[in-house]
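K.L.:
I am attaching a structure below and will ask some questions about it afterwards.
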Amino acid sequence: MRVEHWLYTIPRRLRSLLRRSQMERELEEELQLHLEQKTEQGIAMGKRPDQARYEALRVVLQGNKGLVLRHVRNQEQAARVG
């Protein structure tokens, strides 16, 4: 391949990687916020903090954080394409 091609392609790929990393951080922060809110709601309803946190994890992450993250990523990709 020509040098001009690489001079164009490399910066684009680096930006893409950085955006993906930023998106992952934002997604993690958003999930954490939802967990904290659900935990606080449970405590306000009279549950012990550990019990409220467990229930928040179960409800928000549906028992599988990786699956939830993958689902959200897929939804975001579909929104960008569609």
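The values are calculated or read from the model by the stated rules, or taken from the named source; none is laboratory data. Fair warning: this is a prediction, and the values are worked out from it, not measured in the lab. Using ideal geometry, Cβ is built from the backbone for each residue, glycine included, and neighbour counts are taken over all protein chains shown.
K.L.:
Kindly indicate whether residue 40 is surrounded by 12 or more Cβ atoms within 10 Å (Cβ to Cβ) and assigned to a helix (DSSP H, G or I). Let's see the steps before the verdict.
P.N.:
Values: surrounded by 12 or more Cβ atoms within 10 Å (Cβ to Cβ): yes; assigned to a helix (DSSP H, G or I): yes.
Answer is yes for this residue.
K.L.:
Evaluate the following for residue 46: is it outside any helix (DSSP H, G or I) and of a type outside the set (Lys, Arg)? Before you say what the answer is, go through the steps one by one.
P.N.:
Values: outside any helix (DSSP H, G or I): yes; of a type outside the set (Lys, Arg): yes.
Spelling it out, residue 46 is indeed outside any helix (DSSP H, G or I) and of a type outside the set (Lys, Arg).
K.L.:
Right, something else. Would you please list the contacts, defined by Cβ atoms under 8 Å and residues six or more apart or on different chains, that run from a residue in the stretch 44-55 that is free of Cβ contacts under 8 Å to residues at least 24 places away in the same chain and surrounded by 11 or more Cβ atoms within 10 Å (Cβ to Cβ) to a residue that is among the charged types (D, E, K, R) and in a loop (DSSP other than H, G, I, E, B)?
P.N.:
That search, which allows pairs on different chains as well, returns 55/47.
K.L.:
So which residues in the stretch 1-35 are more than 19 Å from residue 73 (Cβ to Cβ) and part of a helix (DSSP H, G or I), if there are any at all? Give the derivation first.
P.N.:
So the first thing to find is which residues in the stretch 1-35 are more than 19 Å from residue 73 (Cβ to Cβ), and the list is 1-12, 14.
Residues satisfying the conditions are 3, 4, 5, 6, 7, 8, 9, 10, 11, 12, 14.
K.L.:
I've got another one for you. Return yes when residue 67 is surrounded by 13 or more Cβ atoms within 10 Å (Cβ to Cβ), part of a helix (DSSP H, G or I) and under 14 Å from the mean Cα position of the chain (by Cα) and no when it is not. Spell out the reasoning first.
P.N.:
Details: surrounded by 13 or more Cβ atoms within 10 Å (Cβ to Cβ): no; part of a helix (DSSP H, G or I): yes; under 14 Å from the mean Cα position of the chain (by Cα): yes.
No.
K.L.:
Confirm whether residue 52 is part of a helix (DSSP H, G or I) and in contact with a helix residue (DSSP H, G or I) (Cβ under 8 Å, 6 or more places away or on another chain).
P.N.:
Working: part of a helix (DSSP H, G or I): yes; in contact with a helix residue (DSSP H, G or I) (Cβ under 8 Å, 6 or more places away or on another chain): yes.
For residue 52, the condition - part of a helix (DSSP H, G or I) and in contact with a helix residue (DSSP H, G or I) (Cβ under 8 Å, 6 or more places away or on another chain) - is met.
K.L.:
Something else now. Testing residue 59 on (1) modelled with pLDDT under 85; (2) assigned to a helix (DSSP H, G or I), one condition comes back false. Which one is that?
P.N.:
(1)
K.L.:
Inside the stretch 1-42, can you point out the residues that are modelled with pLDDT of 75 or more and of a type in the set (Gly, Ala, Ser)?
P.N.:
Matches in the stretch 1-42: 21, 42.
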